[in-house]
Amino acid sequence: MSQSHDAFVHARLTTWQRRINETAAGLLPPHTGSAQAALVPVLDQLVAVYNLSSGLVADLRQSTDSSLAKTDAGREYLTQLATALAHSNRAATHLSTTVIGLADTHRLTPRPGTATPVESQLSITLGHAAALRSLQRALETVTNALAEAQPGSASSLMPTVSEQHRRAADAGGAHPARRRP
């Protein structure tokens with residue numbers, strides 16, 4: 001039974017790797033020119049990331065209700081899906097920032113020859129780059145497990161959620177000292 005769960009997890013991770021790759025490949029930077037012309041492709045990119053997130057949610061729901069959730073491989077898989085979902089949601093947030101920057105550019109530069117506000121251009125550039133980084137992190141989440149997986153060892157797939165939080169807290173730098181009353 002465990003071998004079939006491991007095979008299923010591997011197949012699903014391969015599918016998610018492909019889907020995230022395809023979504024990231026479609027995230028082309030907004031082209032120069034009018035903000036109006038750049039807005040539609042970015043909105044299409046936002047829809048693609050939303051569809052990716054919706055698929056991850058559907059897979060999480062289905063997998064949580066199945067017998068897979070009762071296995072180590074299944075729990076690790078659910079953790080990976082949840083992490084990939086968090087990253088894809090961040091990508092959508094960053095793309096929304098890009099859309100807002102494009103809308104601001106369109107609103108603030110109504111006449112030809114008017115300079116694009118630096119803040120708007122910066123939010124467009126940084127928002128789109130951050131969206132790509134978030135999708136790359138989602139891809140790493142589902143790819144690393146495929147590379148690191150050893151037959152019969154589901155515990156080596158991904159760190160647990162508590163380990164991820166502990167690592168994030170450790171990487172945060174200096175923490176304020178707690179004082180006792």
Starting from the range 80-99, take each residue that is in a helix (DSSP H, G or I) and list its partners that are surrounded by fewer than 20 Cβ atoms within 10 Å (Cβ to Cβ) and of a type in the set (Val, Ile, Thr), counting only C-beta distances under 8 angstrom and pairs at least six apart or across chains.
Ala82/Val161; Leu85/Val57
In the range 17-39, the residues that are under 20 Å from Asn89 (Cα atoms) and open to solvent by 80 Å² or more (accessible area, probe 1.4 Å):
Arg18, Glu22, Leu28, Pro29
The residue that is farthest from Ala24 (Cα to Cα), considering only those in the range 62-89 that are hydrophobic (A, V, I, L, M, F, W, C) and open to solvent by 10 Å² or more (accessible area, probe 1.4 Å), is Ala69
With (1) charged (D, E, K, R); (2) more than 23 Å from Tyr50 (Cα to Cα); (3) in contact with a helix residue (DSSP H, G or I) (Cβ under 7 Å, 6 or more places away or on another chain) as the list, and Asp104 as the residue in question, which single condition is left unmet?
(2)
Filter the range 1-16 down to residues that are hydrophobic (A, V, I, L, M, F, W, C) and assigned to a helix (DSSP H, G or I) and give me whichever is most open to solvent (accessible area, probe 1.4 Å).
Phe8
Checking the structure you have, find out if any residue of the range 126-142 is at pLDDT 75 or above, over 30 Å from Gln36 (Cα atoms), in contact with a Ser or Thr (Cβ under 7 Å, 6 or more places away or on another chain) and assigned to a helix (DSSP H, G or I).
yes
Condition set under 10 Å from the mean Cα position of the chain (by Cα) and hydrophobic (A, V, I, L, M, F, W, C), scope the range 90-129, selection surrounded by the most Cβ atoms within 10 Å (Cβ to Cβ): answer is Ala91
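The values are calculated or read from the model by the stated rules, or taken from the named source; none is laboratory data. Quick caveat, the model's predicted, so the values are computed rather than measured. For neighbour counting, all protein chains shown are included, and Cβ atoms are generated from backbone atoms with ideal geometry for every residue, glycine included. Each accessible area value is taken on the protein alone, full model and side chains, heavy atoms only, with ligands, DNA and RNA left out. Shrake-Rupley method; radii C 1.70, N 1.55, O 1.52, S 1.80 Å.
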